[in-house]
Amino acid sequence: LHIGHWYIVTPSDALARFHRMHGDNVFFPIGFDAFGLPAENAAIKNGGHPFTWTMSNIETMRRQFRSMGATFAWDAEVVTADPSYYRWNQWLFLRFLEAGLAYRARSAVDWCPNDGTLAREQVEGTERRCWRCGAAVEKRDLDQWFLRTTRYADELLDFSGLDWPEPIRAMQTNWIGRSEGAEIEFEVAPDDQQRGGDRIRVFTTRPDTLFGATFMVLAPEHPLVGALTAPGRQAEVAAYLEQARRQTEIERLSTDRPKTGVRLGSHAFNPINGAEIPIFIADYVLAGYGTGAIMAVPAHDERDFEFATKFGLEIRRVVAAPGTAAGDPLAAAYLTHADDQRLVNSGRFDGLPADEGGAAIVAALANQGRAEPKVTYRLRDWLISRQRYWGTPIPVIYCERDGIVPVPMDQLPVQLPETVDYAGSGDNPLTRDEAFLRVDCPTCGQPARRETDTMDTFVDSSWYWYRYLSPGATDVPVDRAMSDRWTPVDQYTGGAEHAVMHLLYSRFFTKAMADCGLIGDREPFRRLFNQGQILGADGERMSKSRGNVQDPDELVKRYGADTMRLFLMFMGPWDQGGPWSPTGIGGVHRFLNRVWTLILDAHGREPGDPDAGSLPAGETAAAGRSAIRAAAHRTLRDVSADYEAFRFNTMIAKLMELANALFRYRGTEVAGSLEWAEATRLLLLMLAPAAPHITEELWSRRLTAAGEPWASIHSQPWPQVDPAAVVESIREIPIQVNGKLRDRVTVASDASSAEIEAAVMGRERILAILEGRTPERVVLAGGGRLVNIVLRDG
RNA sequence: GGGCGAGUGGCGGAAUGGCAGACGCGCCGGCCUUAGGAGCCGGUGCCGCGAAAGCGGCGUGGAGGUUCGACCCCUCUCUCGCCUACCA
């Protein structure tokens, strides 16, 4: 475990304990998801089996979690690399296959030289690097397995009823990328070399600009490119296609690169006005989005404008800005299309507001079957095939006669072979493992071949919380009665880096499982909290390759688990994270030592403190007793609210304040009072969820000293605030003049507004500032919490 | 280019319309001590005046605005971080 694990688990465990003290039935499970490259690489390096390596690491982590005091439900633990778990990945996959939610298809996929194929979400950044290993990702055409996430595109946009952070919702919404528009069909014009009649469909969000479509552009990979290339253009087109293929994705996606493209030499008819417009191919049109072809409207699209300018093509304005003439030349694409922009140069649609005109144009063409309203998404189906050994085998069989045959349910799990020969390379050894490969076709009984690809490791983590509820169930992945009772998860914690991967896949799985009748939920996590990430001391993400991973063992050995827990909670807001630095850990350690001293040595006197053993000047013991009682109950009120709101840093600060307040009375007669006993008791109870070990020890010693039978502090009920203890008899009111603090006055807490005002206006300092002038206004703000005297032109 | 988030002492941070800097680190002083890298007590935003008590001014990236009152709300802007990116 590294510091990052402690940072996530510590507050989670404190919350679980806090809720248990409230009598809640808390289910706080743990599991290990260790399929994937790191385990496999370690196995290759050490010559062992990934399973052995994984299980020994898990054993270490279990021990570490116990040393933290994490109160996990160990009897519900799952390990995804164990066949008893991954058989249910296979089982779910087969159910999805039946339901049409899983399918195999050939397409251009993202390919990492180390990890093989990746889902679109797993390619990061402008430079298109693998999320796991950072290698540059290429494109390959391959037959791969997909899960149909796009079936739920609209439902995934609906977050109603979910208490999720806005940034995560925004990221998912952007990722799904819904855009409304129309598909419009263009027909290829006949000419000398071309019989014509081929249909090219385009997607556009701006059908209102159709009259301004002065050319078309196809993606280089568009299927009609060959057919539409005029004989005289073939050499140039072939050269461009070759260049586009060679170009890396990085170069191709770079937006500041000048537009390139070539004419195919054929033309199409603009369906709205019959204009014959040239067809180009250009790599700024992407094969994977929309239809892989666009109608280019240079007057109203920046990219088309740049292309048309470079190639000297007609730029025809069809949306007018208020107050401009239809023929005014454009210096740049004009993008606005609000209600006061009217169509021009658009035949019978002239004068219509742009958006209304667009709808009318689509309606007119729809009558002839040449256009239809259409919604397009950026979201792609989830590519789950991985060309690695260390994952869940995809349970299908390829038969020459019967094609793709699912492994029958009763033959699950398809187990990974226990002996594995990597032959010194990172290739998938399953492809050479004859014992694994050879299988009889379940349908015809003839020799067939198993799928050797395994599943994306994100499949494991997409539904695991259901398995926690019935880890031993043998006929279903999750017992329905249990999931009905316990899910959706009340409180889920995870980092923002999971926004469009784990958190999106989990929502998809939940919906898919619901549609297969396995569960009743359609959302997995009711409330989501994004804890921050602890970075290395260098401010970078912790990783072994950067060498900035922080190991907590040294600090735990020196200060103990409670200090470590407290320090991680005290550092700052939980959702913030930040670079790791142990600076200041001594402060929380000192605090725990002071608590220890308060409880076990209340009457001791500090030799270094000249005032030790005497009450604060001018204070009676009765006042002192009342003060500590008030402090304890106010702290209880505030600390309870802080736990509820996940404000662990201020929660600990308030406990420190209480300890400091009590310390002032150590060694005085107040330390022997009932109020002292109550205040120290509350302090221990409030601290128990955060620092479970030291509080249990001190609690036990108190009970022994009092001659009472032992009981764990962690099964005590959370204490109740006494409202009477919290009220104050007097209070100090700040006095401002024109918003600037000038004085304070002490009044009885139940003083009336008139009494407060009288007290304020009687203050010497205030009279001196007023110099006989009459205030314009006297504001008693916040129910008399503060007074502001307004003096104009003073 | 687009989206989101964040800018407060030497540092981590607190205060979300009402006393800016809680709590902690660090630093300074004192005590205790054979000793202190332990412990305890006190001080500590910046500038000015003052021997001191104290007094005054400035202060939450910058500029405006709303308000009796703004770290907090609004507008513009700068800087940093994260996500995303020729998505038609």
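The values are calculated or read from the model by the stated rules, or taken from the named source; none is laboratory data. It should be emphasised that the depicted structure is a prediction, and the values quoted were computed from it without experimental measurement. Positions of Cβ are backbone-derived with ideal geometry, glycine not excepted, and every protein chain shown enters the neighbour counts.
The residues on offer are A:Arg590, A:Arg625, A:Arg629, and the sole one that is surrounded by fewer than 16 Cβ atoms within 10 Å (Cβ to Cβ), in a helix (DSSP H, G or I) and out of contact with any His (no Cβ under 6 Å at 6 or more places or on another chain) is A:Arg590.
Residue-by-condition table, conditions (1) of a type in the set (A, V, I, L, M); (2) at pLDDT 95 or above; (3) not in a loop (DSSP other than H, G, I, E, B):
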site: A:Arg681; (1), (2), (3): no, yes, yes
site: A:Leu685; (1), (2), (3): yes, yes, yes
site: A:Pro689; (1), (2), (3): no, yes, no
site: A:Thr695; (1), (2), (3): no, yes, yes
site: A:Trp699; (1), (2), (3): no, yes, yes
site: A:Leu703; (1), (2), (3): yes, yes, yes
site: A:Ala711; (1), (2), (3): yes, yes, no
site: A:His714; (1), (2), (3): no, yes, yes
site: A:Pro719; (1), (2), (3): no, yes, no
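If only residues of segment A:184-197 that are within 16 Å of RNA strand B (Cβ to nearest atom) and buried (at least 19 other Cβ atoms within 10 Å of the Cβ) are counted, the one that is farthest from A:Leu264 (Cα to Cα) is A:Ile184. Pairing each residue of segment A:729-742 that is among the small types (Gly, Ala, Ser) with any residue that is within 8 Å of RNA strand B (Cβ to nearest atom), provided the two are 6+ apart or on different chains, yields C-beta distances under 8 Å for A:Gly739/A:Asn788. Being crowded, with 22+ Cβ neighbours inside 10 Å and either at pLDDT below 90 or over 28 Å from A:Pro165 (Cα atoms) (or both) is the requirement here; does A:Ala561 meet it? Yes; evaluated as a whole, the condition is true for this residue. What number of residues in segment A:567-589 are within 10 Å of RNA strand B (Cβ to nearest atom) and either touching a Leu at 6+ places or on another chain (Cβ under 8 Å) or more than 26 Å from A:Leu535 (Cβ to Cβ) (or both)? Residues flagged as within 10 Å of RNA strand B (Cβ to nearest atom) and either touching a Leu at 6+ places or on another chain (Cβ under 8 Å) or more than 26 Å from A:Leu535 (Cβ to Cβ) (or both) within segment A:567-589 amount to 6.
Can you tell me how many residues in segment A:680-697 are within 16 Å of RNA strand B (Cβ to nearest atom) and either more than 33 Å from the chain's Cα centre (by Cα) or more than 30 Å from A:Tyr7 (Cβ to Cβ) (or both)? Count: 3.
Would you check if there is a residue in segment A:148-162 being over 22 Å from A:Thr457 (Cβ atoms), assigned to a loop (DSSP other than H, G, I, E, B) and among the aliphatic types (A, V, I, L, M)? Among the residues of segment A:148-162, at least one is over 22 Å from A:Thr457 (Cβ atoms), assigned to a loop (DSSP other than H, G, I, E, B) and among the aliphatic types (A, V, I, L, M), which makes the answer yes. If only residues of segment A:741-794 that are within 11 Å of RNA strand B (Cβ to nearest atom) and in a loop (DSSP other than H, G, I, E, B) are counted, the one that is nearest to the chain's Cα centre (by Cα) is A:Gly782. Taking residues in segment A:613-626 that are modelled with pLDDT of 90 or more, and partners anywhere that are part of a loop (DSSP other than H, G, I, E, B) and not hydroxyl-bearing (Ser, Thr, Tyr), the pairs with Cβ atoms closer than 9 Å and at least 6 places apart or on different chains are A:Ala621/A:Leu615; A:Ala623/A:Leu615; A:Ala623/A:Pro616; A:Gly624/A:Leu615; A:Gly624/A:Pro616; A:Gly624/A:Arg664. With the requirement that a residue be part of a loop (DSSP other than H, G, I, E, B), at pLDDT 95 or above and buried (at least 21 other Cβ atoms within 10 Å of the Cβ), what does segment A:425-468 give you? Scanning segment A:425-468 gives A:Trp463, A:Tyr468.
Quick check on A:Ala659: is it more than 15 Å from A:Thr680 (Cα to Cα), within 10 Å of RNA strand B (Cβ to nearest atom) and modelled with pLDDT of 95 or more?
no
Taking the criterion of being polar (S, T, N, Q), more than 13 Å from RNA strand B (Cβ to nearest atom) and closer than 25 Å to A:Phe509 by Cβ, the residues of segment A:88-145 that qualify are A:Asn89, A:Gln90, A:Ser107, A:Thr117, A:Gln144.
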